[in-house]
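Worksheet: one structure, shown below.
Laboratory data are not the source of any read-out in this text; all were calculated from the coordinates shown. The structure displayed is predicted, hence computed values, not measured ones. Note that each Cβ is placed from the backbone with ideal geometry, even for glycine, and that neighbours are counted across all protein chains shown.
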Amino acid sequence: MAGEIKSTTTTLNDLLAPIVQEAMFVAQEKSLLRGLVRNYTVPKNSGKVLQVPIYPTSTASALTEADDLTPSAVSTNVANITLAEAGLMTNVSDLSLNYSESNVIADVGRLFGEAIAKKIDQDITALFDDFTTTEVGGAAVNVTAAKVFEAIAKLRTKSVDPAGMVCVLHPLVAHDLKSSITSTFGAPASDMGNEAMRTGLVGNLGGVPVYESAAITSASGISKGAVFHRDAISLAIGDDINIETQRDASARATELVGTATYGVAMTQETYGAEMHFVTSL
């Protein structure tokens, strides 16, 4: 009706639930490292610091019949994981919300989810520098399957369970590794090499799955990576994603603020070996 006064057709407050749902789904699906480390959930009102007990390795010894056993004390160390916030803000105009051909709700949820997932992965890979097992590779060393085997072997000598090991490499290092195990000009290729050529995935080396992540830092042609056990690093989640809105009527837009509350910490520094390699690209 002409002259009728009406409010915004659809407000983002009305659509907040599907935005949060999409953001949480994307954050969980897009974070590669989240699924490769130990996860903890922190309940509300339980404090900002989660204490994770670290138990020492116990040793059994041979016994003589009827000898009395002497108890050994189990001294438990504690790793503290401190929760903190990470977040971002964006503005969605009324024009975009009401007339965009794309699904603005899905777009906003995906934007927030991908940003949080990337931040979690970056925080986890930053801890690779804290591994105490002897580093593999170097500033003038190219990646090969043998170097990955070397990192695995160094962890195996420390009795780290291979069943929980993973290898994570920068995409440029993963490219060089895949190139080194493929054959493109007639020489017989290994099954792993053929798989890398078909799918772009390295697969398993020495029983350890190999992943690539752009969250790993690279500088001056040198990229790092690591072989580690999932118990080496822990991720504590408070709030997966919390999204709030605030109306800016003068701008005909709505502010959306997305935050996640979590913490990461090294819990077993001997359970990982960092690697550095020069890249060909």
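Rounding to the nearest 10 and keeping the result within 0 to 90°, find how far the Cα-based axis of helix 104-125 lies from the longest principal axis of the chain.
30
Could you give the alpha-carbon Rg of region 40-118 over 2.2 N^0.38 Å, rounded to two decimals? If you can, show how the numbers build up before the last one.
On the way: Rg = 26.4 Å, N = 79, 2.2 N^0.38 = 11.6 Å.
For region 40-118, the normalised Cα radius of gyration comes out at 2.28.
Mind putting a number on the dipole of the chain about its Cα centre? Charges go on the C-beta only, +1 for Lys and Arg and -1 for Asp and Glu, and I need it in Debye to the nearest 20.
Details: 19 positive and 31 negative charges, 65 e Å.
Using only the charged Cβ atoms, the result is roughly 320 debye.
Using alpha carbons only, how many degrees (0 to 90, rounded to 10) separate the axis of helix 171-180 from the longest principal axis of the chain?
Long axis of 171-180 versus the principal axis of the chain: about 50 degrees.
Specify the inter-centroid distance of region 217-233 and region 46-113, based on alpha-carbon positions, in whole Å.
Centre-to-centre (Cα) distance: 19 Å.
Please identify the longest segment of the chain free of exposed trypsin sites (Lys or Arg not before Pro), where exposed means a DSSP state other than H, G, I, E or B and no more than 10 other Cβ atoms within 10 Å. It would help to have the intermediate numbers written out before the result.
On the way: sites that count: LYS6, LYS44.
Within the chain, the longest run free of exposed trypsin sites (Lys or Arg not before Pro) spans 45-281.
Per-residue HN-Hα couplings for region 231-238, Karplus 6.51 cos²θ - 1.76 cosθ + 1.60 at θ = phi - 60°, whole Hz, x for Gly and Pro?
Couplings: 7, 5, 10, 10, 10, 10, 10, x Hz.
For the chain, with a Gaussian network of springs between Cα atoms less than 10 Å apart, report the residue from ALA60, ALA117, ALA139 with the top mean-square fluctuation.
Comparing ALA60, ALA117, ALA139 in the GNM, the peak value goes to ALA60.
If I take every Cα pair under 8 Å that is 6 or more residues apart in region 122-183, average their sequence separation and divide by the length, what percent do I get for the relative contact order?
Values: 22 pairs, mean separation 23.0, N = 62.
With pairs under 8 Å counted, the relative contact order is 37 percent.
Roughly how many nanometres apart are two label points built 7 Å out from the Cα toward the Cβ at THR144 and THR90?
Output for this residue pair reads 4.6 nm.
Cross-link partners among lysines for LYS158, C-alpha distance below 26 Å, same-chain residues fewer than 8 apart left out?
The qualifying lysines are LYS147, LYS224.
How high is the FRET efficiency between THR217 and SER61 when r is their beta carbon distance and R₀ equals 41 Å, given to the nearest 0.05? Present the calculation step by step, with values, prior to reporting the outcome.
Details: r = 45 Å, r/R0 = 1.09.
For THR217 and SER61, the calculated efficiency is 0.35.
Give me, ordered by chain and number, the residues 5 or more places off ASN39 or on other chains with an amide H under 5 Å from its own placed amide H.
Those qualifying (amide H under 5 Å, at least 5 residues apart or on another chain) are LEU235.
Show which lysines lie in cross-link reach of LYS44 when reach means a straight Cα distance below 29 angstrom and same-chain residues fewer than eight apart are skipped.
LYS30, LYS118, LYS119
Please compute the net charge surrounding ALA84, taking Lys and Arg as +1 and Asp and Glu as -1 over other residues with Cβ under 10 Å from its Cβ. Can you show the working numbers first?
Details: positive: LYS48; negative: GLU85, ASP123.
Here the count lands on -1.
Can you list the residues, at least 5 places off or on another chain, whose amide H is less than 5 Å from the amide H of VAL141, using H built in the peptide plane?
VAL278
Mind sorting out which of (i) 22.0; (ii) 19.7; (iii) 18.6 is the real Kirkwood radius over Cα pairs in Å computed from the coordinates?
For Kirkwood radius over Cα pairs in Å, the calculated option is (i).
With a 10 Å Cβ neighbour count serving as the proxy for reagent exposure, in which order, fewest first, do SER180, SER213, SER58 appear?
SER58, SER180, SER213
Using alpha-carbon pairs under 8 Å, 6+ residues apart, how would you state the relative contact order of region 43-157 in percent? If you can, show how the numbers build up before the last one.
Working: 51 pairs, mean separation 24.1, N = 115.
Computed value for region 43-157: 21 percent relative contact order.
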